[in-house]
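Data block below; observations after.
Read the figures in this text as sums done on the coordinates, not as results from a lab. Worth saying up front: this structure is predicted, and the values here are computed from it rather than measured. Counting neighbours? That spans all protein chains shown, and the Cβs are built from the backbone with ideal geometry, glycine included.
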Amino acid sequence: MAASPFSRTEEITVFRRIGHFVVRRRRLVLALTVLFLVAAGAAGSGVFGQLGGGGFADPDAESTRAEAFLTEVGAPRPELVLLVEAADGTGVDDPAVAAAGTALTEELADDPAVLGISSYWSTGGQSALRSTDGSAALVVVDLAGDEEQVEAAAAGIAAEHTGGHGPLTVRVGGGYAIDEAIGEQLDTDLIRAELIAVPVTLLLLLIVFGGIVAATLPLAVSVVAVLGALLALSGIARFTDVSVYSINLMTGLGFGLAIDYSLFVLSRFREELAAGRPTYEAVVRTVQTAGRTVAFSALTVAVSLSALLVFPLSFLRSFAYAGVAVVVSAAAGALLTLPALLAVLGPRVNAGSLRWRRRTGGPSRPAESGFWYRLAGAVMRRPVPVATGVVLFLLALGIPFLGVDPGLPSHQALPPSNEARQVVEAIKTGFAGNRTEEFGIALPGVDADGADAGAVATFAGQVGAVDGVAEVAPQVTPAGAWLSVVPSVVLRSAEGERLVDEIRALDPPFDFAVGGDAAELVDAKAAIGDRLPLALALIAATTALLLFAVFGSILVPVKAILLNLLSLTATFGAMVWIFQDGHLSGLLGFTATGQLDVSMPILMFCVAFGLSMDYEVFLLSRIKEEYDRTGDNTRAIATGLARTGRLITAAAVLLAVSFAAFGVSGMSFLKLMGIGLTLAILVDATVIRGLLVPAVMRLAGRANWWAPAPLRRLHQRWHLREN
């Protein structure tokens, strides 16, 4: 084994130690990586069966308590709604059609999995179950058993009865059909995103690295990142609810971050080799510098994503679990597996270099040249007009966000061609009431058959008078009482929220609790609004502390937070303009509902803020390295931007490709996430890092690195920098 080229006094810092260990034990590290991947692949592959599709409810909210009560008293739930149409156009009252409809109802009622059933033909011609033109009728099915049993029974009924049956044509809708359609669409979207992202990323890696060997190494780290995160999610899902939607973020973020971190590590390693250092020293120096930056960049991303844990909605918490897991796995792969591979390859990392890259000089191009160095110089010669212009431009882009109207995903998140969505819309437009969105009002402790009977009847009349209510029916069982409400509006909408607010404003002489999707939306918005200040404060405080620990400056954390907020404001404004207001909806292929998914701005903020800090740490690390070496603030900014501008831009493009692939999703909220994060990443890596950061840092001068004497002494004692 080769002797270390460093003296013992130099081998004292954390990342030097990691570098020495990885080089000396490179075969052990690689062997353990292979074993880990095999184990993670075997254990993590079963996670998909453990994930749920909901998670939008606040567990402590009124709507959640109402649903728990309704489940306890046996209130029926329309898991399946069959839309039955007369095949020959004669109408549902035609004797042959009515006979077939009655037979269908009786056949379903005999199914042991069916807890209850009602249809137009079994209820004596109930008008709410018949379309206004008489061409269609509804069969509403309540299924018995737990979630898995309900899903199995619903799948069997849907498979057996969908399609033509003599004079009837049957289509399946309801909660099960929507959930099933969303799950199938997510699976399709994930495969489509990978089919788009992987080949495009490979091509970009070849362009960026200019070599076949170097371009394939980041893929090894991405495998570590994704499989490691799957293993972590598999363990977490055993103890708490995890949303299936988090898988899409995990794969996109894992693939992109692994490539980003690998890009910085590989580039620094090739730079060290080009400077004449032997492989051993080049790897250790790479881990000490780029590896340290990767570690603290990953920490900032993880901290931002961890803020999602303060929200009670398991949907948002799931993204924290998945995001933190994939960030940690990606960082571990970049700090351990990749340096071990580089230690084995040495100069052969440049094998398979493309001819045009050899002619352009590859990574050895001087820092004091090129586009980014000239751009930094031009910006710093006119910092005031550049900073002013960029700030005004970004604020103007953010103006639409002032009109944001939060909502929750509904059937309209599915593509218009989806049958489950078509059934919901046919019922919405063709029937007096929307049976697919029937909800309950819990009446705990109410004696609806005795002393409270009159008050319950009065309350039911008041509820029925609310605009948006089509039908109200008091229901009583030995376990308790409730009101069954059929709305005439879509619950997950502004009209649905208004409906809940008006019902909750009623004042009967007893307690009640409103359930259903609209109540869930109102309560989810309230829960997010209550916890949002805490989440923002945690992100700001922890990010400021981390940046101070790394750079020892007061201004750097403040500047970074303000500029990132400015960048995200512009992104959110664009998202409202596109997805809420409906501009470009035809081009992008989605249905604008006039609302923006309430969870997506929060999720996008945490992800994009963390990624912005990721690039901030990369850029500032090189600027500070140059400033410590030269003491010249202007030269340090220009050189730091020159050395990282191309890398940050390439990293941003590679990461953006991972998210942009979700822009072709059939689910509108995934499309929102993909396009929104793509825009946020590209704006931050170009406009913010290329224009605003050098302009502001030029104006600040030496104050960039200033801290009060007590804090400076504290940083010198406990700093997180490498000597």
### Protection proxy ranking of 512-521, 112-121 - average other beta-carbon atoms within 10 Å, highest first
512-521, 112-121
#### Entry: Distance cut-off 23 Å, percentage of C-alpha pairs in region 373-524 lying past it
54 percent
### Task
Would you list which lysines come within 16 Å of Lys624, measuring only between C-alpha atoms, while excluding same-chain residues fewer than 8 positions from it?
Lys559
### Query
Can you give the translational diffusion coefficient of the chain in µm²/s, computed by Stokes-Einstein from the Kirkwood radius over Cα pairs at 25 °C and 0.890 mPa s?
87 µm²/s
### Query
From the square roots a ≥ b ≥ c of the eigenvalues of the alpha-carbon gyration tensor of region 148-204, which class results: rounded (a/c under 1.5), prolate (a/b over b/c), or oblate?
prolate
## Note on the structure
Rounded to whole angstrom, the alpha-carbon centroid of region 191-234 lies from that of region 367-405 at a distance of 31 Å
#### Entry: Cβ-based net charge around Ala136, under 15 Å, with every Lys or Arg adding one and every Asp or Glu removing one
-3
### Query
Once both axes come from the Cα atoms, what is the angle between helix 26-44 and the longest principal axis of the chain, in degrees from 0 to 90, rounded to 10?
10 degrees
#### Entry: Overall Cα dimensions of region 79-173, principal axis frame, Å, largest first
39, 24, 20
### Task
Between the alpha-carbon centers of region 18-33 and region 468-542, tell me the distance in whole angstrom.
55 Å
### Query
How big is the shadow of the Cα convex hull of region 151-252, averaged over all directions, in nm²?
9.5 nm²
### Summary
For the chain, the longest principal axis of the Cα atoms and the Cα long axis of helix 62-73 enclose an angle in degrees, to the nearest 10, of 50 degrees
### Helix-only CD estimate at 222 nm, as mean residue ellipticity for the chain, using -39500 (n - 2.57) per DSSP H run (n ≥ 4)
-20000 deg cm²/dmol
#### Entry: Calculated FRET value between Arg25 and Ala275, using beta carbons and R₀ = 35 Å, to 0.05
0.90
### Task
Can you tell me the order of 550-561, 40-51 when each peptide is scored by its average per-residue count of other Cβ atoms within 10 angstrom, highest first?
550-561, 40-51
### Message
Using the crude model of +1 on Lys and Arg Cβ and -1 on Asp and Glu Cβ, and no other charge, please compute the dipole size for region 79-173 relative to its Cα centre, in debye to 20.
### Response
360 debye
### region 443-529 - convex hull of the alpha-carbon atoms, volume per residue in Å³
94 Å³
### Task
Averaging sequence separations of C-alpha pairs under 8 Å and six or more residues apart, then dividing by the length of region 417-521, give the relative contact order as a whole percent.
33 percent
### Summary
At R0 = 30 Å the Cβ-Cβ FRET efficiency linking Val558 and Ala526, nearest 0.05, sits at 0.45
### Query
How big is the charge dipole of the chain about its Cα centre, in debye rounded to the nearest 20, if each Lys and Arg gets +1 on its Cβ and each Asp and Glu gets -1 on its Cβ?
7420 debye
### Message
Against the empirical 2.2 N^0.38 Å scaling, what ratio does the C-alpha Rg of region 10-67 come to?
### Response
2.17
### Task
Treating cross-link reach as a plain straight distance, find the lysines whose alpha-carbon is under 22 Å from the alpha-carbon of Lys671, omitting any fewer than eight places away in the same chain.
Lys525
### Summary
For the Leu309, Arg382 Cβ pair and Förster radius 45 Å, calculated FRET efficiency rounded to 0.05 is 0.55
### Task
Report the full-extension gain for the segment Arg717 to Thr123: residue separation times 0.36 nm, less the Cα-Cα distance, to one decimal in nm.
205.9 nm
### Query
Out of Ala432, Gln462, Leu395, whose Cα points farthest toward the positive end of the dipole of the chain (charges: +1 Lys, Arg; -1 Asp, Glu; placed on Cβ)?
Leu395
### Message
How big is region 405-480 along each principal axis, measuring the range of its Cα positions in Å and listing the largest first?
### Response
51, 27, 23
### Message
Run the simple label-point estimate for Thr686 and His583 please: 7 Å along Cα→C-beta, distance reported in nm.
### Response
1.8 nm
### Summary
Output for region 605-723 (equivalent-ellipsoid semi-axes, sqrt of 5λ from the C-alpha gyration tensor, Å, descending) is 33, 16, 12
### Task
Set Lys and Arg Cβ to +1 and Asp and Glu Cβ to -1, take the dipole of the chain about its Cα centre, and tell me which of Ala448, Gly516, Ser314 lies farthest positive.
Ser314
### Cα long-axis angle, helix 555-575 against the chain (0 to 90 degrees, to the nearest 10)
40 degrees
### Query
Which translational diffusion coefficient, to the nearest whole µm²/s, is obtained for region 247-296 from the Stokes-Einstein equation, given a Kirkwood hydrodynamic radius over C-alpha pairs, 37 °C and 0.692 mPa s?
284 µm²/s
### Summary
Under the 7 Å Cα-to-Cβ spin-label approximation, Ala479 and Val664 lie apart by a distance in nanometres of 4.8 nm
### Summary
Expressed in µm² per second, the diffusion coefficient of region 553-677 from the Stokes-Einstein equation, with Rh the Kirkwood radius over alpha carbon pairs, at 25 °C and 0.890 mPa s, is 151 µm²/s
#### Entry: Sequence ranges 59-67, 77-85, ranked by mean other-Cβ count within 10 angstrom, highest first
77-85, 59-67
